[in-house]
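This report refers to the structure that appears directly beneath it.
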Amino acid sequence: MPILLLDDGTIKSDLDEIVGELAPLDIHLKHYDPGTSLLFPHLLEQDVLTDSEKQQIIELHNGVFEFIQQENGYLWSDLLNLHPGLPNFQNLITTYSRYHHHTAPEALFLLAGEMIFGFVKPDGDQVQLLIQSQDYIHIRAGVEHWSSPTALLNFKAVRYFTSVEGWVPNYTGTQLSDYLNKPY
């Protein structure tokens with residue numbers, strides 16, 4: 001289940017309260033447990049996946065989450081498998097941990113591990129959102145944010161796309177709030 005850290009140090013763990021805090025940004029957050037992880041627990045635990053193993057996971061989730069794809073106009077999906085063994089691991093963390101926005105929605109369903117997202121609210125306050133396994137997030141186009149793995153340094157997520165070029169980050173130069181620049 002997600003956890004939200006506000007700029008003033010308040011921590012929220014109630015999903016309805018978190019959704020309310022993120023509403024001004026038009027971010028959709030849900031917790032689903034379709035039970036699909038029970039079908040391939042060994043794949044969620046291993047770092048390196050073959051292309052066929054990735055495809056197996058994607059096909060299973062596309063069937064389960066067909067309604068999400070239709071509702072939001074996603075054209076395809078892929079599996080993001082971040083772990084310390086990746087050759088460009090540190091570069092990926094550095095790339096996404098700077099404030100940016102996209103010209104298309106960013107959506108993902110976290111299968112395993114944890115991720116942190118940071119957002120700038122309309123009033124300039126910043127918040128950090130921890131999402132965990134079975135959490136789904138949809139960030140509308142243009143929302144200023146960053147993302148990173150937690151100290152676990154490992155996650156697997158199905159990403160949903162409406163366009164390839166829409167996922168290219170457009171960096172904003174916004175600096176992380178001093179208060180939020182402290183670990184949980």
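What follows draws every value from the coordinates through simple rules; no lab data is involved. Since we're looking at a predicted model, the values are computed, not measured. Note that we place each Cβ from the backbone using ideal geometry, even for glycine, and neighbour counts take in every protein chain shown.
Values for this structure:
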read-out: R0 of 22 Å, Cβ-Cβ distance Thr94-Thr50: FRET efficiency to nearest 0.05; value: 0.25
read-out: Phi-based couplings in Hz for the range 112-118 (Karplus 6.51, -1.76, 1.60; Gly and Pro marked x); value: 8, x, 9, 9, 10, 10, x
read-out: Residue-by-residue Karplus 3J(HN,Hα) for the range 94-99, coefficients 6.51, -1.76, 1.60, Hz, glycine and proline x; value: 4, 4, 8, 8, 9, 4
read-out: Kirkwood-based Rg to Rh ratio, the chain, C-alpha trace; value: 0.94
read-out: Built amide H within the under 5 Å cut-off of Ser97, gap 5+; value: Ser147
read-out: Förster-model FRET efficiency, 41 Å R0, Trp76 and Thr10, C-beta, rounded to 0.05; value: 0.60
